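Step one of this worksheet: look at the structure below.
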Amino acid sequence: MEIKSRVPGKLVRYEKQVGDTVKAKDVVAVMEAMKMKQLVPSPVDGVVKEILVEPGTRVPAGKVLAIVE
């Protein structure tokens with residue numbers, strides 16, 4: 001399952017790393033948009049398989065940040 005940014009902004013950090021187990025609604029990443037923190041949750045239970053965007057990167061809405069399987 002792809003974890004996507006919901007808003008355009010800057011990826012601040014990941015709360016989970018490759019190999020971490022996540023449950024649905026666990027926060028995977030934190031973004032900053034319009035000077036506010038935006039939490040990016042996992043939509044499913046699984047394991048973080050891949051991180052695709054480096055922290056500090058500006059991303060558009062809908063950009064795939066990570067993969068959870």
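For Lys35, go through the lysines and keep the ones whose alpha-carbon is under 24 Å away, minus same-chain ones fewer than eight residues off.
Lys35 reaches Lys4, Lys10, Lys16, Lys25, Lys63.
At 0.36 nm per residue, and after removing the present C-alpha to C-alpha distance, how many nm does the segment from Lys10 to Lys37 gain when stretched out fully?
Computed gain between Lys10 and Lys37 is 8.8 nm.
Only Lys, Arg, Asp and Glu count, each charged at its Cβ (+1, +1, -1, -1), so figure out the dipole size of the chain about its Cα centre, rounded to 20 debye.
Numbers: 12 positive and 9 negative charges, 77 e Å.
Result for the chain is approximately 360 debye, rounded to the nearest 20.
For semi-axes √(5λ) of the Cα gyration tensor in Å, the choices are [x] 25, 12, 11; [y] 26, 18, 8; [z] 19, 11, 10; which was calculated from the structure?
This structure yields the entry labelled [z].
Taking R0 as 35 Å, what FRET efficiency do you get between Met1 and Arg58 from their Cβ-Cβ distance, rounded to the nearest 0.05? Working shown, then result.
On the way: r = 23 Å, r/R0 = 0.67.
The calculated FRET efficiency here is 0.90.
Bear in mind these aren't lab numbers, they're just calculated from the coordinates by the rules spelled out. Here the structure is a predicted model, which is why all the values come from computation and not from measurement. Cβ: placed from backbone, ideal geometry, glycine included. Neighbour counts: every protein chain shown.
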